[in-house]
Amino acid sequence: MTAAAKLEIPGLDRIRDRFVDMLGDRKTTIAQHALAAWDGKTADDINANLTAARATLHLIAGTAGTVGFPELGHSALHCEQEIIDHLDGPDAVLAVCPGEIIWRIDDFVASCNKITA
């Protein structure tokens, strides 16, 4: 085996294919929750949708790098962390969804589209 050859876990290609298949649904779920948070009328509604988006982002962040998409994993992690920071911050009691979160999620979904296309 050459130094340039990569070692790969047996069956990882099937896991990667499954990840990509699930990514389409997951990016849609994240986008729907982000839009619902943006349109939310109460802090509880906004925070519930952001929490749901964060949970799905967490799943992606934890797997993406392992299956060969490290940049997507970092993007998901940054989205997740921005949501956590908001939910743990003083503005979480306000009926406002930060635009920065929506923009970051929009970039994340665009990255997903490049993989699932």
Lys, Arg +1 and Asp, Glu -1 on Cβ, resulting dipole of the chain about Cα centre, debye, nearest 20: 460
Overall dimensions of the chain as given by Cα atoms, namely Rg and Dmax in Å: 16.1, 59
Which of Val20, Ala43, Ile105, positive extreme of dipole for the stretch 11-116 (C-beta unit charges): Val20
Most mobile of Val67, Val20, Val93 in a GNM of the chain (Cα contacts under 10 Å): Val93
Among Ala95, Ala64, Ala34, residue whose mean-square fluctuation peaks in a GNM of the chain (springs only between Cα atoms under 10 Å): Ala95
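So, counting K/R as plus one and D/E as minus one, what does the shell of residues with Cβ under 13 Å around Phe19 add up to?
Taking every Cβ under 13 Å from that of Phe19, the sum is +1.
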Residue-normalised accessible area of the chain, expressed per residue, 1.4 Å probe, Å²: 61
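As a check on your grasp of the helix formula, calculate [θ] at 222 nm for the chain: sum -39500 (n - 2.57) over DSSP H runs of n ≥ 4, divide by the residue count, round to the nearest 500. Could the numbers behind the result be given before it?
Details: 4 runs with 86 residues, N = 117.
Taking each H run of at least 4 residues, the total per residue is -25500 deg cm²/dmol.
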Additional length obtainable on full extension of the chain from Thr51 to Leu94, 0.36 nm per residue less Cα span: 14.0 nm
The stretch 11-116, accessible surface, carbon-and-sulfur percent (1.4 angstrom probe): 54
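The values are calculated or read from the model by the stated rules, or taken from the named source; none is laboratory data. All of these numbers come straight from a predicted model, not from anything done at the bench. With ideal geometry, Cβ positions are generated from the backbone for all residues, glycine too; neighbour counts draw on all protein chains shown. Note: accessible area is taken over every heavy atom of the protein model, side chains too, but ligands, DNA and RNA are not part of it. Shrake-Rupley method; radii C 1.70, N 1.55, O 1.52, S 1.80 Å.
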